[in-house]
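Engineer: One structure, pasted below without further comment.
The values are calculated or read from the model by the stated rules, or taken from the named source; none is laboratory data. Because the structure is predicted, anything quoted here is derived from the model rather than measured. Methodologically, a virtual Cβ is constructed for each residue, glycine included, from the backbone with ideal geometry; neighbour enumeration extends over all protein chains shown.
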Amino acid sequence: MEEAPIHHGPAHHPVPTVPPSDRHAVTLPGTSPPARTAYAFDRFLLIPDRQLLLEDDQPVRLGNRALDILTLLVRRAGELVGKREILRQVWPQSVVEDSNIKVNMAALRRALGAGASGEAFIATTRGRGYRFVGSVLQVRPPDLPGTGSGPAAPTRRLPVLPVLPTPLVGRELQVETLMADVRRYRLVSLVGPAGVGKTALATLVATGLSSRFPDGASLVDLAAVHDPAVLPAVIAAELGLIVEGPLALAALCRHLQGKDLLLVLDTCEACLDPAAACIDEMLRRCPGLRLLITSREPLRVSGECVRRVQGLLVPPGFGALTAAEALCYCAVRLLVDRAIAHSGDFVLCDAQARAAAELCRRLDGLPLAIELAAARMSVQGLANLLRQLEDGVHLLGGRRGAPDRHRDLDAALAWGWRHLSAHEVRLLLAVSVMDGAFDVQAAARLMPLQEDALPDLLRELACKSWLVLDLSSGVPTYRLLETTRAYCRMRLTLGRTRAVEPPHAVA
């Protein structure tokens, strides 16, 4: 069978530190640029002649098409470059779809991140094109191996995993267990609710295991995949190659055959069915491949090892509690650790121990929510923050620079909310008025459905991490996390408000 062509990224050479005199050799106005020109912006250096992008003097793994797009945008920094022009310049001899631009643009944005100002380097004008918004200097390219009289021998470049900004608290034993799982099973799925820290946990596990894989470990964020047809191309782009067309999956599998690689696929719930089909095919055809995925629900494919990720351990809601006793629970340890980071003089005293425990319980031990709460504590105080949480977790605020779904808890929950069916939304809103656990009969009184439909719907919501299932009594009971309940009640209140407002008042 004919397979889609694979365009490999450039062969990278050992790169010495770029001397400051070369890095800042700016071409003055009115003078002609040298025959070979490079472009410096923020911490990056782009050398088009070498098809090479350096970050802090280290090569960045990107495919040729992505580098061509970056070169086009950088050379016309500040100008809007239309999609048609990008297709004409980057694919001059081919007829390709706009989705090829999106795949490469996603790879570029992952590689570039954000500049020192916190703004993205590439701005999108919806429906029209893209603009490079960073400050660019034309510079003299450094002398690199391979630019002289003879070619340099290429060196092997392994994939690079993201670095966590802070150490994980309370996950040490779980990391060790998951590392053993990945060594034993070819597909391990980390499943859990929004804000529980699946991405950070998967990154730490992959980092700990990367040295065991000759071809390294790599993370692919699937959150931006809106067109399921481009999923194999997105994965391929992260691995430094471009595959195009309907045979992209076959070409990707051909590339991975014979490789000993750990691949982390993050946020699989964004395109669950295509991801499951793609993963099943890759596992079947690529014996050296191991997959660690994060999702709010399992893939349900053959050979999957599912590990539920729970919130951090919180103190019980009864009895006296000292500060030393509270700090035995990792949720409180995380709260105190992050509070000290925001205010160096913070100390958890015995008088505050019970309030800190209550805060962590209300936030279900979710690391994202606890980190946001710690930031607010430095300006509001623990007691005031607890009182304000009565009005909802949205008062915790957010953090800059993170992906939308990791920016605040409301955004994380809204991300999953968009993937629910109408029946699932109605059921969640209905049961959110109840406190504590409930069974099928209690749910039926709030939302009558066919006798066999409601149990299936409840099980599906538990599978998707919206409900917590308890089978300890032999009879299935369900409950909402407090953060989920608060979000559902906010949605319920918003719906009622809009129902009674005049039409002109509704956004």
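Engineer: So, Ser295, is that one surrounded by fewer than 15 Cβ atoms within 10 Å (Cβ to Cβ), within 28 Å of Leu461 (Cα to Cα) and not charged (D, E, K, R) or not?
Structural biologist: Criteria not met by Ser295.
Engineer: Among Gly258, Gly288, which is over 23 Å from the mean Cα position of the chain (by Cα), surrounded by fewer than 22 Cβ atoms within 10 Å (Cβ to Cβ) and modelled with pLDDT under 90? Full working, then the answer.
Structural biologist: Details: Gly288 fails: modelled with pLDDT under 90.
Exactly one of Gly258, Gly288 is over 23 Å from the mean Cα position of the chain (by Cα), surrounded by fewer than 22 Cβ atoms within 10 Å (Cβ to Cβ) and modelled with pLDDT under 90, namely Gly258.
Engineer: Of the residues that make up region 45-52, is at least one of a type in the set (S, T, N, Q), over 17 Å from Tyr130 (Cβ atoms) and in contact with a Pro (Cβ under 6 Å, 6 or more places away or on another chain)?
Structural biologist: Within region 45-52 (the criterion being of a type in the set (S, T, N, Q), over 17 Å from Tyr130 (Cβ atoms) and in contact with a Pro (Cβ under 6 Å, 6 or more places away or on another chain)), the answer is yes, since at least one residue qualifies.
Engineer: Regarding region 275-285, can at least one residue be identified that is under 30 Å from Pro167 (Cα atoms), surrounded by fewer than 23 Cβ atoms within 10 Å (Cβ to Cβ) and in contact (Cβ under 8 Å) with a residue 12 or more places away in the chain?
Structural biologist: Scanning region 275-285, I find no residue that is under 30 Å from Pro167 (Cα atoms), surrounded by fewer than 23 Cβ atoms within 10 Å (Cβ to Cβ) and in contact (Cβ under 8 Å) with a residue 12 or more places away in the chain, so the answer is no.
Engineer: OK, next. For region 73-85, indicate whether the set of residues that are in contact with a Phe, Trp or Tyr (Cβ under 9 Å, 6 or more places away or on another chain), buried (at least 16 other Cβ atoms within 10 Å of the Cβ) and under 16 Å from Ile242 (Cβ atoms) is non-empty.
Structural biologist: No.
Engineer: Identify, please: which residue in region 409-448 is assigned to a helix (DSSP H, G or I), crowded, with 19+ Cβ neighbours inside 10 Å and not hydrophobic (A, V, I, L, M, F, W, C) and is, among those, modelled with the highest pLDDT?
Structural biologist: Here is the first cut: in region 409-448, the residues assigned to a helix (DSSP H, G or I) are 409-417, 422-431, 440-446.
Filter once more, so that each one left must be crowded, with 19+ Cβ neighbours inside 10 Å: 409-410, 412-413, 415-416, 427-428, 431, 443.
Adding the requirement that they be not hydrophobic (A, V, I, L, M, F, W, C) leaves 410, 416.
Numbers: Asp410: 78, Gly416: 84.
Among residues in region 409-448 that are assigned to a helix (DSSP H, G or I), crowded, with 19+ Cβ neighbours inside 10 Å and not hydrophobic (A, V, I, L, M, F, W, C), the one modelled with the highest pLDDT is Gly416.
Engineer: Let me ask something else about it. Which is under 23 Å from the mean Cα position of the chain (by Cα), among the small types (Gly, Ala, Ser) and modelled with pLDDT under 80, of Ala206, Ala237, Ala233, Ala224?
Structural biologist: Every option except Ala224 fails the conditions.
Engineer: Take the residues of region 449-497 that are in a loop (DSSP other than H, G, I, E, B) and touching a residue at least 40 places away in the same chain (Cβ under 8 Å): which is nearest to Leu389 (Cα to Cα)?
Structural biologist: In this case the residue turns out to be Leu481.
Engineer: Just give me the residues in region 201-225 being within 15 Å of Thr267 (Cβ to Cβ), touching a Leu at 6+ places or on another chain (Cβ under 7 Å) and in a loop (DSSP other than H, G, I, E, B), in sequence order.
Structural biologist: Leu222, Val225
Engineer: Then there's this: Being of a type in the set (Asp, Glu) and crowded, with 20+ Cβ neighbours inside 10 Å is the filter; apply it to region 346-384 and report the residue that is nearest to the chain's Cα centre (by Cα).
Structural biologist: Glu371
Engineer: Report yes if Ser343 is under 25 Å from the mean Cα position of the chain (by Cα) and polar (S, T, N, Q), otherwise no.
Structural biologist: Against the criterion (under 25 Å from the mean Cα position of the chain (by Cα) and polar (S, T, N, Q)), Ser343 does not qualify.
Engineer: Looking only at region 319-336, filter to residues that are out of contact with any helix residue (DSSP H, G or I) (no Cβ under 6 Å at 6 or more places or on another chain) and surrounded by fewer than 18 Cβ atoms within 10 Å (Cβ to Cβ); which one of those is nearest to Pro167 (Cα to Cα)?
Structural biologist: Once the filter is applied, the top-ranked residue is Cys328.
Engineer: Tell me the residue from Leu222, Leu299, Leu283 that is more than 28 Å from Leu52 (Cα to Cα) and in contact with a helix residue (DSSP H, G or I) (Cβ under 6 Å, 6 or more places away or on another chain), please.
Structural biologist: Of Leu222, Leu299, Leu283, the one residue that is more than 28 Å from Leu52 (Cα to Cα) and in contact with a helix residue (DSSP H, G or I) (Cβ under 6 Å, 6 or more places away or on another chain) is Leu299.
Engineer: Between Pro167, Pro159, which is in a loop (DSSP other than H, G, I, E, B) and either modelled with pLDDT under 80 or aromatic (Phe, Trp, Tyr) (or both)?
Structural biologist: Only one candidate passes the filter, namely Pro159.
Engineer: Do the conditions hold for Leu480, that is, is it farther than 30 Å from Ala373 by Cα and buried (at least 17 other Cβ atoms within 10 Å of the Cβ)?
Structural biologist: The answer is no for Leu480.
Engineer: Right, Val234: assigned to a strand (DSSP E or B) and not polar (S, T, N, Q) or not?
Structural biologist: no
Engineer: Can you tell which of Ala237, Ala270 is under 22 Å from Lys198 (Cα atoms) and touching a residue at least 24 places away in the same chain (Cβ under 8 Å)?
Structural biologist: Ala270
Engineer: Please enumerate the residues belonging to region 437-448 that are in contact (Cβ under 8 Å) with a residue 12 or more places away in the chain and either in the same structural domain as Arg300 (by TED's automatic domain parsing) or of a type in the set (Lys, Arg) (or both).
Structural biologist: Those that are in contact (Cβ under 8 Å) with a residue 12 or more places away in the chain and either in the same structural domain as Arg300 (by TED's automatic domain parsing) or of a type in the set (Lys, Arg) (or both): none in region 437-448.
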